[in-house]
Amino acid sequence: MALAKENKQVHGVAKKDFEGSLLYLSDQVRIIEQKLALKIDHEIAIDFKKQQQSAYLTRSLFMEVNDNMKGIKIPSFTFPSKKLS
C-alpha cells in the first residue's frame, strides 16, 4: 500500500519523476548561483586592484611633485593696495 501511494501520479506525472526533476533543477540553480557568485567576486577583485593601482600611482605622482617643489623658490608678489575714496 505504501508503494502505491509513493508512485501515485498527479496530473499525469509520477511523484518520483517529479521529485527527481525538482532535485535536478535545484542542483542546476545552485550551480548557476555559485558560478555567478564567483564571477561577481572576481570582478570586484579586479576593480579593487585597479582602484588600488590608481591610488598608488596618484600618491607616487604627488610625492614626486612634492619632492620637486622643495628646491623651487616661489616668488611672493605684493600688490599695491588702492585706497578707496
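Take Val29 and Met63, extend 7 Å from each Cα along the Cα→Cβ direction, and tell me the distance between the two endpoints in nm.
So the two model labels end up 5.2 nm from each other.
Using unit Cβ charges (K, R positive; D, E negative) and no other charged atoms, how large, in debye to the nearest 20, is the dipole of region 7-85 about its Cα centre?
Rounded to the nearest 20 debye, it is 540 debye.
FYI, it's all coordinate maths here, none of it is from the lab. Please read these numbers as outputs of a predicted model, since none were measured by experiment. Neighbour counts run over all protein chains shown; Cβ positions are idealised from the backbone, glycine included.
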